[in-house]
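Enquirer: One structure coming up, written as structure tokens, with questions to follow.
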Amino acid sequence: MLMRLMAFDYGTKRIGVAVTDSLQLIATALKTVHPVDVWTFLETYLQTEQVETFVVGKPLQMDGTASESAQHVTGFVRKLRKTYPQIPVVEVDERFTSKMASQAIAASGMKKHKRQDKQLVDQVSAVIILQTYMERKAF
């Protein structure tokens, strides 16, 4: 059975979510959810879609140590593993993803107010996290 990969750019205000197609070839932005709503969202999503792996962006400092927000991500990963023990959780270094997402959005030619949409930045960051994982997995 073909299954998707799902990535999260976790933040305390918003979580960007991205998924692959069932062949795991293309990563696309899915949505942005509030951390309180993420569990209801996942429950609903997983009723109709098969997810092989959860990929979570791991916030690191420039020297590779955990950043201040890492504790929130650790709690999220712990609850993902407890709630969905059948789905492996992989953490991927998310340094620069927000900056890369902002640059990608700017390069797309979108109007300034749309480029400053934090929900869009979170979604594109999740896509970048997912693409990073897919590239590593290919080797």
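Enquirer: Looking at the structure I just gave you, is T32 at pLDDT below 95 and either within 15 Å of K79 (Cα to Cα) or β-branched (V, I, T) (or both)?
Expert: Yes; evaluated as a whole, the condition is true for this residue.
Conditions tested, residue by residue: (1) surrounded by 15 or more Cβ atoms within 10 Å (Cβ to Cβ); (2) at pLDDT below 70; (3) over 14 Å from the mean Cα position of the chain (by Cα); (4) of a type in the set (K, R).
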| position | (1), (2), (3), (4) |
| --- | --- |
| E43 | no, no, yes, no |
| M62 | no, yes, yes, no |
| F76 | yes, no, no, no |
| Y84 | yes, no, yes, no |
| S108 | no, yes, yes, no |
| K111 | no, yes, yes, yes |
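Enquirer: For V55, indicate whether it is over 12 Å from L80 (Cβ atoms), of a type in the set (A, V, I, L, M, F, W, C) and in a strand (DSSP E or B).
Expert: Taking the combined requirement at face value, the residue does not satisfy it.
The values are calculated or read from the model by the stated rules, or taken from the named source; none is laboratory data. Note that this is a predicted model, so its numbers are computed, not measured. Note that we place each Cβ from the backbone using ideal geometry, even for glycine, and neighbour counts take in every protein chain shown.
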